[in-house]
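The numbers here are math on the coordinates, done by the rules we state, and not lab data. Here the structure is a predicted model, which is why all the values come from computation and not from measurement. Glycine also receives a Cβ, built like all others from the backbone with ideal geometry; neighbour counts cover every protein chain displayed.
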Amino acid sequence: MIEQLENLVRTGGLKTEPPDANESAGLLRSAMDRLKDAKNPALSFASRFDLAYNSAHALALYALRQMGYRSDKRYLVFQCLAYTVVDVSKIQIRIFALCHERRNLAEYEGYLDVDETLLAELLRATDTLLEKINQRK
């Protein structure tokens, strides 16, 4: 797994950087708070989606940082889950990738496809990712 991450360092997709305990604690706290808020049905779909997506990103970044790497590319943080969280499924990674695409459409083009099913899948995938990360601690 480290070999694939080191290949990404060589190609410039990742940088090596030792984990930082304060950063790690902040990423986990942010992810858990956002995930909790994303499950609040009183919030708008756009807010819930944004919160769930950013929770997933914080968890994926946490996993990458624990391995001693960093990336400025959000999509790459999700793709690296295959190497940073050993038993993450390809389906979960695809859900995160799709949500990344949808987030970019909303953020940069003002188009947000209201898809409650995708939001539910994102919440489930993020819950599962959090559980796997907590098991590793």
Only one residue in Leu35, Leu76, Leu81 is under 30 Å from Glu6 (Cα atoms) and crowded, with 17+ Cβ neighbours inside 10 Å, so which one is that?
Leu81
Starting from the stretch 110-137, take each residue that is within 18 Å of Asn54 (Cβ to Cβ) and list its partners that are among the polar types (S, T, N, Q) and surrounded by 15 or more Cβ atoms within 10 Å (Cβ to Cβ), counting only C-beta distances under 6 angstrom and pairs at least six apart or across chains.
Ala125/Gln92; Thr126/Ser55
Where residues in the stretch 108-137 are in contact with a helix residue (DSSP H, G or I) (Cβ under 8 Å, 6 or more places away or on another chain) and of a type in the set (Asp, Glu), which of them is nearest to Thr84 (Cα to Cα)?
Asp127
Take residues that are in contact (Cβ under 8 Å) with a residue 40 or more places away in the chain and of a type outside the set (D, E, K, R) and tell me which of the helices (runs of 4 or more DSSP H) falling wholly in the stretch 1-102 contain 2 or more.
2-10, 21-38, 45-66, 81-84
